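Right, one structure below, let's go through it.
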Amino acid sequence: MNKKTALISLYYKDGLKEFAEMLVQRNFEIVSTGGTYNFLKEKGIPVTSVESITGFPEILDGRVKTLHPAVFAGILAKKDDADHIKQISEHELKLFDLIAVTLYPFAETVRNPESSPEEIIEKIDIGGVSLIRAAAKNFNHVNVLVSRDQFGDYIREFDNCDGKIKVEYSLKLAYRAFSEIEEYDSDIKRYFASITGNTQKLRYGENPHQKAVFYKSDFDDIFNILHGKELSYNNLLDVDSAHSLINEFEADEPTVAIIKHGNPCGVATRDKLLEAYKRAFESDTASPYGGIIIFNKKLDAETAAEADKIFSEIILAPGYDDDALALLMKKKNRRLLSFRFSRPAGEFRKISGGVLKQERDNIIFDKDTINVVTKMKPDNEQMKDMYFAYKIVKHVKSNSIVFVRNRQTLGIGGGQPSRVDSTRIAVWKAGQFKLSLKDSVVASDAFFPFADGLLETAKAGAKCVVQPGGSVRDDEVIQAADENQICMVFTGYRHFRH
């Protein structure tokens, strides 16, 4: 078996002796630095120092050890590239086949309450990260290991393929390596966020027994906290929900949305902000207590006085008249925020075993491209209400149903496994507050799988439905709409919010 070369640098030495011995048995030359070199030397394992390769000593208290062309050329060279091999030979450099590196324990040092800032900074690994990144980039020619739990598997793979590691296996090692670097850099970023004021420790999470921290990115560019208690974990979630919804109405007439537990409980648009608030509150006069109110226009004193009549956790507006702000600040525990409109392009969500990323649901249907699928056609007012309702339905937990009339929500149902149940909840909610659904418009975030959901809306008095379409039973649903003299529009896309 041809001679191979491994560069090893491990912070913790558990398992190092056994792994090094297995490599030597498989005709590896081991190159190492600092503590790893001394450890192997003491154990009687043949080892070459990095200094003997670079011709340059470790300097700056070990901050610079491996950062040298003699090391990185041997890692980054393409072994099937004649010119690369020629340059390696001309400069009498060593080619590497394996890089095994574990990084300085940065996160562990941060968690230790006795660690000083200087100790924490010194645990930011530079050379180790660079070695890992270089080897992972050149995975076609070099293998990289970043954890002791990989050692046994690597030896088994090496033996199974008689030392000719397959590129598919090396690619998996590279993926693990880049994941390790990403997590390591995230730990460093979070630490710097904490010492620069971009990390905020919250009193608790969703529930008092859960610890929570807020890691800011551009929060302070979007929001300005003007007054009140510190925002809680749940407050921040509700602020995000409210802000996401009101962004739909940036260029619209005065619009007010009231949010409770992440869902809108009342939304309305009117010519004046005061009337918009009154109609939004009228949609559900019980839920707004302890909720969030958000306005799409500068908040005036008259509207502020009306909103001040109920207890709300947070009020948000793009701006405030001076007398409106003075009035609202009299309640010391209420949070007041100003904001700028913002429509991020993407969003992340942590799940067990990974992170999801998707484009933000920023789309709203084009009035000129909708498909009217029923005999009845929507009039201009119904079109306005459909557009209004479809902006709201995507901010309600699926399955979601929203009844509106004259750009005011009348009944909202969501978060149910059945669309029929969401419809019944919306109808029940409207009845609770004595809001008639006669001649209303209904928005559904996804298609009706059966006609039963549409029939529920007809029974309630709706005369127009906007939905994505796309069910295998669309024909049945359309027929039911025609039989009940309901106009229905397909937009061609859904608005699930899980």
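Computed from the coordinates by the stated procedures, all read-outs in this text should not be read as laboratory data. Since this is a predicted model, take the numbers as computed values, not measurements. Note that we place each Cβ from the backbone using ideal geometry, even for glycine, and neighbour counts take in every protein chain shown.
Do you know the relative contact order of the stretch 363-490, to the nearest whole percent, from alpha carbon pairs under 8 angstrom that are 6+ apart?
On the way: 275 pairs, mean separation 35.5, N = 128.
RCO, the stretch 363-490: 28 percent.
Any chance you could check the Cα centroid distance between the stretch 226-292 and the stretch 91-168 for me, in angstrom?
50 Å
Using only alpha carbon pairs under 8 Å that are at least six residues apart, calculate the relative contact order of the stretch 187-288 and give it in whole percent.
Working: 129 pairs, mean separation 16.3, N = 102.
Normalised by residue count, the contact order of the stretch 187-288 is 16 percent.
Could you compute the FRET efficiency for Phe178 and Lys375, with r as their C-beta to C-beta distance and R0 at 56 Å, rounded to 0.05? If you can, show how the numbers build up before the last one.
Numbers: r = 58 Å, r/R0 = 1.03.
Once rounded, the FRET efficiency stands at 0.45.
When you count, for each residue, the other Cβ atoms within 10 Å and take the mean per peptide, how do 345-354, 375-384 rank with the highest first?
On the way: 345-354: 7.9, 375-384: 15.0.
Highest to lowest by the protection proxy: 375-384, 345-354.
What length, rounded to one decimal in nm, is gained on full extension from Glu114 through to Asp368, with 0.36 nm per residue of separation minus their alpha-carbon distance? Could you put the intermediate results ahead of the total?
On the way: separation 254, 0.36 × 254 = 91.44 nm, distance 6.46 nm.
The Glu114-Asp368 span can extend by a further 85.0 nm.
Find how many whole Å separate the alpha carbon centroid of the stretch 1-68 from the alpha carbon centroid of the stretch 417-480.
70 Å
If the chain between Glu42 and Val355 were fully stretched, how many nm would it gain, using 0.36 nm times the residue separation less the Cα-Cα distance? It would help to have the intermediate numbers written out before the result.
Details: separation 313, 0.36 × 313 = 112.68 nm, distance 4.33 nm.
That works out to 108.3 nm of additional length.
Quick one: Tyr12, Tyr204, fewest Cβ neighbours within 10 Å first, how do they rank? Can you show the working numbers first?
Values: Tyr12 10, Tyr204 13.
Arranged by neighbour count, lowest to highest, Tyr12, Tyr204 become Tyr12, Tyr204.
Compute the signed sum of charges (Lys and Arg +1, Asp and Glu -1) over the other residues within less than 14 Å, Cβ to Cβ, of Ile53. If you can, show how the numbers build up before the last one.
Numbers: positive: Lys65, Lys94; negative: Glu29, Glu51, Glu58, Glu92.
That works out to -2.
Tally Lys/Arg at +1 and Asp/Glu at -1 over every other residue whose Cβ is under 10 Å from the Cβ of Phe403; what's the total? Intermediate values should be presented prior to the final figure.
Numbers: positive: Arg405, Lys429; negative: Asp385.
Once all neighbours under 10 Å are counted, the net charge is +1.
Amide H to amide H, which residues 5 or more places from His227 or on other chains are under 5 Å from it, using H placed in the peptide plane?
It is Leu336, by chain and number.
Taking the C-alpha atoms of the chain, how large are the radius of gyration and the largest Cα-Cα span, Dmax, in Å?
Values for the chain (Cα only, Rg and Dmax): 31.4, 90 Å.
What order do you get for 299-307, 256-264, 177-185 when each peptide is scored by the mean count of other beta carbon atoms within 10 Å, highest first?
On the way: 299-307: 20.1, 256-264: 24.1, 177-185: 16.4.
The packing order, highest mean first, is 256-264, 299-307, 177-185.
When a/c is below 1.5 the answer is rounded, else prolate if a/b is larger than b/c, else oblate, so apply that to the stretch 363-490 with a ≥ b ≥ c taken from the square roots of the Cα gyration tensor eigenvalues.
In terms of gyration-tensor shape, rounded.
Place a point 7 Å from Cα of Asn160 in the direction of its Cβ. Which residues in the stretch 91-133 have their backbone N less than 13 Å from it?
From the stretch 91-133, the list is empty.
In debye, nearest 20, what is the charge dipole magnitude of the chain about its Cα centre with +1 on Lys and Arg Cβ and -1 on Asp and Glu Cβ, if you could check? Walk me through the numbers before you get to the answer.
Details: 68 positive and 72 negative charges, 180 e Å.
Approximately 860 debye in magnitude.
Where does the chain land at 222 nm, in deg cm²/dmol rounded to the nearest 500, when only DSSP H runs of n ≥ 4 count, each adding -39500 (n - 2.57), divided by all residues? Don't skip to the end; give the middle numbers.
Working: 19 runs with 193 residues, N = 498.
It lands at -11500 deg cm²/dmol.
What lysines could a cross-link reach from Lys137, if we take a straight Cα to Cα line under 17 Å and drop same-chain neighbours fewer than 8 places away?
Lys78, Lys79, Lys166, Lys172
Note down the net charge around Asp149, summing +1 for each Lys or Arg and -1 for each Asp or Glu among other residues with Cβ under 12 Å from its Cβ. Before the final figure, lay out the partial values.
Numbers: positive: Arg148, Arg176; negative: Asp14, Asp153, Glu180.
Overall, the nearby charge balance is -1.
Expressed in nm to one decimal, what extension gain is obtained for the pair Ile121 and Ala251 from 0.36 nm per residue of sequence separation less their Cα-Cα distance? Intermediate values should be presented prior to the final figure.
Working: separation 130, 0.36 × 130 = 46.80 nm, distance 4.73 nm.
Taking 0.36 nm per residue and subtracting the Cα distance, the gain is 42.1 nm.
For Thr48, what residues show an amide H to amide H distance below 5 Å, using hydrogens built from the backbone and excluding near sequence neighbours?
Ile30, Val31, Ser32
What is the distance, in nm, between label points placed 7 Å from the Cα along the Cα-to-Cβ direction at Tyr11 and at Trp428?
5.4 nm
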